[in-house]
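Here is the structure we will look at, set down as structure tokens.
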Amino acid sequence: IYADPAKRLELYFRPEDPYCHPVCANRFPTSTMLLRVTRRSRRKKQLDTEGQTQPEVHFEMDILGIVTTVYKFQGMSDFQYLAMHSGPDGKQTSMYDKVLMLKPEKEEFFNRELPLYIPPPIFSRLDTPIDYFYRPDIQHREGYNNPQVSGENLIGLSRARRPHNAIFVNFDDEEIPAKPLDAAVQTWNKVCTNPVDKKVEEELRKLFEVRPVWSRNAVKANISVHPDKLKLLLPYLAYYMLTGPWRSLWVRFGYDPRKHPEAKIYQVLDFRIRCGMKYGYAPNDMPVKAKRSTYNYSLPITVKKQVSHTVSVHDLKQGLGTAGASGAKKPPSSRYKLKESIYIFREGALPPYRQMFYQLCDLNVESLQKIIHRNDGSESECTERDGWCLPKTSDDLRDRMSVMIKQIIRSTRPALFSNTTSSEDCKEQLAYESGEDEDDEEEEEEDFKPSDGSENEMETEILDYV
């Protein structure tokens, strides 16, 4: 715990009980001394004022060192859930000897009829009391009457809709927008008040002229613009595709990729690095960051992260392209730019994250481009699953990319593959979380909350606009 500053020190009141929830101590820096105090008593006795004999006591103190870190238990104890069962007569019976396997047991141990006991892994996400800021009652003007409640609007929005005014398009929609919403134009003109913003607008226009379809991360890697400004600028110049081969991408107004076969190079590929013990390495062996993991959800035993600085309307109007983020070391021209690896796949380089969203034109490998362009000139139909590409093109790309990544990991960590017996293992497909089932993918996107300004995989920014 001491070696990891992000962890908190845990104290278990019942260490022998695996269901015991600990109390946690926070880490604090300090500059105190550690003393060793020795009390010495001499046999020689002296008389006190009342004539009674008293031993002669002497104290010695030595400074052993300086304490730089202390842990203080300031939080409340979590709820405890004992392995007990209440009988019909109300008598409590301990179940520890029935649910804990302390030694190798025979099959009968697992086939016994027992009451269901599934303790929750955690009760409280926080161990310090906090104030609840309840919303005050809404004061309506005189004469206002609440609308009649129907079954369609029993549950309403808990907050006002964000005024970004993006236009969303599904693959099966017949028409595509030719211009932005008037509200999007007004919002951008309201915050575009300095030359820096005008320059960013022109740069983004040129990007859409060269390439009509962009991911947000690709835009961030090509121009330097504050994420809050980009939220307002993208709906001003493009619409957002929700489904189909161009899902989660921004498309220039007036351009319909479903009618242009050459737009297949802009299709999106949901790629996830495959891993599994049968292929020689586990997820923890990969030198690639994970998107997130439920196994790392360890609140409240970890230190809370610092909250990012909130951007005010005044900051937006002052032009964050030059004046924001005081003390930043990067020049204004590249302060908010992401690295090219965030959207480009190159041979010999690992992706920055285990799940990436690439556009096909950004797969800078000759063998991958040959797979993409196998049907050039003979595209006949644009389907929601494969777009203008041949069926199973995404599967072929993922297989080839997985082999390339395994070769990179093999070269950087050869010890992981010391047990490999044949060359066929290199071509064997790795365990893969399929990204083609749209239901699973939509569930993933809804659960993921993007963090603006982070060098993460291509974020699904629909949550920023609804």
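Which of the residue pairs K339/K370; K206/K337; K7/K72; K229/K264; K190/K229 have a Cα-Cα distance greater than 21 Å in the structure shown? Correct reply: K339/K370; K229/K264.
Taking every protein chain into account, the 1.4 Å probe leaves E209 with about 130 Å² of accessible area, to the nearest ten. In the context of the full protein assembly, F73 retains an accessible surface of approximately 100 Å², using a probe radius of 1.4 Å and ignoring ligands and nucleic acids. Of the GluC sites (Glu not before Pro) found in the stretch 1-102, those in coil by DSSP whose Cβ has at most 15 other Cβ atoms within 10 Å are E16, E50. One quarter of the surface of the convex hull around the alpha-carbon atoms of the stretch 179-237 equals 3.8 nm², the direction-averaged projected area. Size descriptors for the stretch 1-131 (Cα atoms only): Rg and Dmax, in that order, 26.1, 79 Å.
Run the quick spin-label model on H140 and Y117: label points 7 Å from Cα toward the beta carbon, then report their separation in nm to one decimal. It is 5.4 nm. By a 1.4 Å probe calculation restricted to protein chains, S31 has an accessible surface near 100 Å², given to the nearest 10. Backbone phi angles across the stretch 248-257, fed through the Karplus curve with coefficients 6.51, -1.76 and 1.60 (θ = phi - 60°), yield HN-Hα couplings of 6, 10, 9, 10, 4, 4, x, 9, 10, x Hz in residue order; Gly and Pro are listed as x. By the Cα gyration tensor, the stretch 68-147 has an equivalent ellipsoid whose semi-axes, rounded to whole angstrom, run 47, 25, 13 from largest to smallest.
The values are calculated or read from the model by the stated rules, or taken from the named source; none is laboratory data. Computed from a predicted structure; not experimentally measured. Note that each Cβ is placed from the backbone with ideal geometry, even for glycine, and that neighbours are counted across all protein chains shown. Heavy atoms of the whole protein, side chains included, go into the accessibility calculation; ligands, DNA and RNA do not. Shrake-Rupley method; radii C 1.70, N 1.55, O 1.52, S 1.80 Å.
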